[in-house]
Amino acid sequence: MSAIARLSEAGWLSMPSALSTDRLAAAADGLAADGADAGSRRMLDLPWCAALVPPIRSRLVAHGLLPADAVAVQCTAFRKTPDCNWKVPYHQDLSIPVAARVDHPALSGWSMKEDGDYVQPPVALLDALLAVRLHLDPCDADSGALRVVPGSHRAGRLAPDAIAALDKRDGEVACHAGIGDLVLMRPLLLHASSKARRPNGRRVLHFLFAPPDPGVGLRWRIAA
């Protein structure tokens, strides 16, 4: 099965980023120097992080996994340390970062976060988004790896009680990764993360790629 078919069917896949050792080391150094907290959403404002977008995009476009005009609209830093060892229950990523609020019946759930306005857009836009996680450290079960339910993205947007009622252990997969690996995921895929059994500072840069025009009058806050 091709990478495109696997992503369409399962809603996720992993692959090497093909980034050089020097570039990965520079990213790790940049993350350390900027001291971003776990969960910081403003990484694309940093030049060293924005510089990772073209090579990642080129690799995904070459494999048919992204349209050539896709833009990175967000990058979030995640890391788990002994002092910051967190877990997230099963959920879907429903909100997107935008430049400003827009009055439109297809938009809901407006909120304000670290980097500005967020909104829940139509499912058609959520289906067009691709999250791309670049691993700067090895990630396994002891590191609190991402867990997903393959194929769950095809159910569309789910209410919280529907997510809670699902037996998510049936077919659950842990997304292990090595240094420099990419884990691709559709935002509507059910995903979760446990606390690390051995928190070692596992670092992940979580990019969100999107169409250049989100539609319904919206504009991206940033488009790299």
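The values are calculated or read from the model by the stated rules, or taken from the named source; none is laboratory data. None of the values given here were measured: they were computed from a predicted structure. Glycine also receives a Cβ, built like all others from the backbone with ideal geometry; neighbour counts cover every protein chain displayed. All accessible areas refer to the heavy atoms of the entire protein, side chains included, with ligands and DNA or RNA removed. Shrake-Rupley method; radii C 1.70, N 1.55, O 1.52, S 1.80 Å.
Structure values in brief
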{"quantity": "Residue among Ala18, Gly151, Pro121 farthest towards the positive dipole end of the chain, charges placed on Cβ", "calculated": "Gly151"}
{"quantity": "Nearest-20 debye value, the stretch 1-132 charge dipole, Cβ charges on Lys, Arg, Asp, Glu", "calculated": "280"}
{"quantity": "Dipole magnitude of the chain about its Cα centre (Cβ charges: Lys, Arg +1; Asp, Glu -1), debye to nearest 20", "calculated": "260"}
{"quantity": "Surface accessible to a 1.4 Å probe, Ser40 within the full protein complex, Å²", "calculated": "20"}
{"quantity": "Heavy-atom accessible surface of the stretch 119-207: percent carbon and sulfur, 1.4 Å", "calculated": "51"}
{"quantity": "Whether the stretch 76-121 is rounded, prolate or oblate, judged on the alpha carbon gyration tensor where a/c under 1.5 counts as rounded", "calculated": "prolate"}
{"quantity": "Accessible solvent surface per residue of the stretch 48-205, calculated while the other protein chains remain in place, 1.4 angstrom probe, Å²", "calculated": "43"}
{"quantity": "The stretch 143-202: projected area of the alpha-carbon convex hull, averaged over directions, in nm²", "calculated": "4.8"}
{"quantity": "Equivalent ellipsoid dimensions for the stretch 16-138 as semi-axes, Å, which come from the Cα gyration tensor, largest first", "calculated": "26, 20, 14"}
{"quantity": "Signed unit charges on C-beta, dipole axis of the stretch 29-115, positive-most listed residue His104, Leu44, Gln92", "calculated": "Gln92"}
{"quantity": "Label-point separation, Asn200 to Ala141 (7 Å along Cα→Cβ), nm", "calculated": "1.6"}
{"quantity": "For the chain, the fraction of alpha-carbon pairs in successive 5 Å shells from zero, as %", "calculated": "1, 7, 15, 19, 21, 19, 12, 5, 1, 0"}
{"quantity": "Candidates Ala155, Ala141, Ala196, ranked by Gaussian network fluctuation over the chain, Cα under 10 Å, top entry", "calculated": "Ala155"}
{"quantity": "Cα centroid separation, the stretch 176-217 to the stretch 1-26 (Å)", "calculated": "11"}
{"quantity": "Trp86-Val216 pseudo-label distance in nm [points 7 Å out on the Cα-to-Cβ vector]", "calculated": "2.6"}
{"quantity": "Surface accessible to a 1.4 Å probe, Met112 within the full protein complex, Å²", "calculated": "130"}
{"quantity": "Leading residue at positive end of dipole, the chain (Cβ point charges), from Val132, Gly178, Pro211", "calculated": "Gly178"}
{"quantity": "CD proxy at 222 nm, helix term only [per DSSP H run n ≥ 4: -39500 (n - 2.57); per residue of the chain; nearest 500]", "calculated": "-5500 deg cm²/dmol"}
{"quantity": "Among Ala210, Ala128, Ala165, residue whose mean-square fluctuation peaks in a GNM of the chain (springs only between Cα atoms under 10 Å)", "calculated": "Ala165"}
{"quantity": "Gyration tensor verdict on the stretch 111-176 (Cα atoms; rounded if a/c is under 1.5, prolate if a/b is larger than b/c, oblate otherwise)", "calculated": "oblate"}
{"quantity": "Under 12 Å, Cβ to Cβ, from Val88 - net charge with Lys/Arg +1 and Asp/Glu -1", "calculated": "+3"}
{"quantity": "Accessible surface ranking that places the most exposed of Lys168, Lys87, Lys195, Lys80 first, with a 1.4 angstrom probe", "calculated": "Lys87, Lys195, Lys168, Lys80"}
{"quantity": "Rel. contact order, % - alpha carbon contacts under 8 angstrom, at least six apart, the stretch 38-186", "calculated": "21"}
{"quantity": "Relative contact order (%) - criterion: Cα under 8 Å, at least six apart; region: the stretch 101-224", "calculated": "37"}
{"quantity": "Distant-in-sequence amide H partners of Trp110 (H built 1.01 Å from N, under 5 Å)", "calculated": "Gln120"}
{"quantity": "Fraction of accessible area attributable to carbon and sulfur, the stretch 60-101 (%, probe 1.4 Å)", "calculated": "57"}
{"quantity": "Largest-first ordering by accessible area, 1.4 Å probe, given options Thr81, Thr21", "calculated": "Thr21, Thr81"}
{"quantity": "P(r) histogram, all alpha-carbon pairs of the stretch 104-223 included - 5 Å bins from 0, percent", "calculated": "2, 9, 16, 20, 19, 17, 12, 4, 1, 0"}
